[in-house]
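Structure first, then comments.
Laboratory data are not the source of any read-out in this text; all were calculated from the coordinates shown. The structure displayed is predicted, hence computed values, not measured ones. A quick note on method: Cβ atoms are made from the backbone with ideal geometry, for glycine too, and the neighbour counts reach across all protein chains shown.
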């Protein structure tokens, strides 16, 4: 690895430049810049040759008063949207994991895409509406109408599982090695693998529409302003 060095009166600052192409952590590019009389050095890094990796800049051994400021251009992510019109039923949930987008919806619709642009319809084996999907423990899980639970190892081949309920399942999450599905009538189901499910006591009969995991806590929400936490 080479260093990008800034030279000034009485100081030597090493600015390490790492270009990690396609997830690689090995640096493959270096620059050397002499600081101008203004006391500010501006570097412009422009991707060349189809480079799509990441750029990491850091100061090493900088004395007091020497700083590094990075002004990255707007990537456009979330700013500009393109309509991808697909024929078929309405879609109610989408996730991305394991290199694949999975969208689920009305009448058992399941679509998959590696890039969000080109989509392929998959056979779900059910005509029930699907409300939500999640990925965890090497498994995609989709839930929906009539207690429907489907699992897939790859997003392509789907298997229906026994949920033990006929209530509509509106949301599903994964965390702490546990899948949690929530739905109609305060229904909460848990599973370690997406295959075997156990009904839990929620303490409410209100419908639960969503569930998430974070900070070592599951949070389920529903009507009217119902919020449940576990543990």
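List of remarks:
- Annotation: of all residues in the stretch 74-95 being free of Cβ contacts under 8 Å to residues at least 12 places away in the same chain and either buried (at least 17 other Cβ atoms within 10 Å of the Cβ) or within 30 Å of residue 147 (Cα to Cα) (or both), the one that is farthest from the chain's Cα centre (by Cα) is 87.
- Filtered by the rule that a residue be more than 16 Å from residue 88 (Cβ to Cβ) and surrounded by fewer than 20 Cβ atoms within 10 Å (Cβ to Cβ), the stretch 118-134 gives a lone residue, 125.
- Among the residues of the stretch 197-209, those that are under 25 Å from the mean Cα position of the chain (by Cα) and over 14 Å from residue 230 (Cβ atoms) comprise 197, 209.
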